[in-house]
Amino acid sequence: MTKIAPSILSADFAKLGEEIKEVEQAGADYIHVDVMDGHFVPNITIGPLIADAIKPITNVPLDVHLMIENPDAYIPQFAKSASIITVHQEACVHLHRTLQLIRSHGVKPGVVINPGTPAEMIKPVLTEVDLVLLMTVNPGFGGQSFIKEVVPKIAQIAAWREEMGLHFEIEIDGGVNEVTAPICTENGADVLVAGSAVFNQSNRKEAIDLIRKSAEK
Ligand code: DX5
Ligand code: ZN
């Protein structure tokens, strides 16, 4: 079954605990935590203190998406609360080393690429990861439109996974809704991040069910 990872970027931060409990009860598979530093992306969001505060209130694994420069410096802090930490290829000078650093903290490593980055850039590290995250928007904000030109990259990564006999998950982030979800899963995606398509709806269970149902058509 397709996994759904609601992104708390679009949640009401004044009642974040309740928002997370609501999507947990609605069947969220991961809680997607968007960390932005105002340098790698033009926005500032969540730090390790917030991730630490969320961790004890939910049984859903935290999927921490680091959109920051020099992620190595912050991995030890996020490792306290994260089940998965994803780092951008574009932000890592020594990508292989950074992925191993994440694993050394007992956390699943994932690699992310922006829409403008070719899939080839991460082929050499596919053996090191538990998850590949493909951005279908330029990172920085929720509520942007799905960039459909990324779709062939989903199929390419899925084909390499098969050829190389690997088992990482393929996650898609940006502009996912009931219309774009099936395009992702038809091409090999396993996990769909959804921010505005979940948190901008009054009934989060209906929103998650709708995305999952359309993804599995
Ligand atoms: C974008 C973030 C996304 C964002 C997705 O930079 O990485 O996780 O919250 O939001 P939607 O689903 O609204 O595109
Ligand atoms: Zn994200």
*Assuming R0 = 30 Å, what is the FRET efficiency of Ala14 and Glu69, from their Cβ-Cβ distance, to the nearest 0.05?*
0.55
*If you find the alpha carbon centre of the range 86-121 and of the range 146-217, how far apart are they in angstrom?*
20 Å
*Gain in length, Lys80 to Ala53, computed as 0.36 nm per residue apart minus the alpha-carbon separation, to one decimal in nm?*
8.6 nm
*Taking Cα pairs under 8 Å and at least six residues apart, what relative contact order does the chain come out at, in percent?*
21 percent
*Tyr30: net charge of surrounding residues, Cβ under 9 Å, Lys/Arg +1, Asp/Glu -1, itself excluded?*
-2
_Long-range amide H partners of Ala11 with built H, under 5 Å_ = none
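Is there a pair in Lys15/Lys108; Lys21/Lys217; Lys80/Lys148; Lys21/Lys153 whose C-alpha atoms are over 32 Å apart, and which pairs would that be? Intermediate results must be reported in sequence, preceding the final value.
Details: Lys15/Lys108 28 Å; Lys21/Lys217 28 Å; Lys80/Lys148 35 Å; Lys21/Lys153 34 Å.
Checking Cα-Cα distances, Lys80/Lys148; Lys21/Lys153 exceed 32 Å.
Only the coordinates and a few stated rules stand behind these numbers; no lab work does. As the structure is a prediction and not an experimental result, all values here were calculated from the model. Don't worry about glycine lacking a Cβ; one is built from the backbone with ideal geometry, like all the others, and counts go over all protein chains shown.
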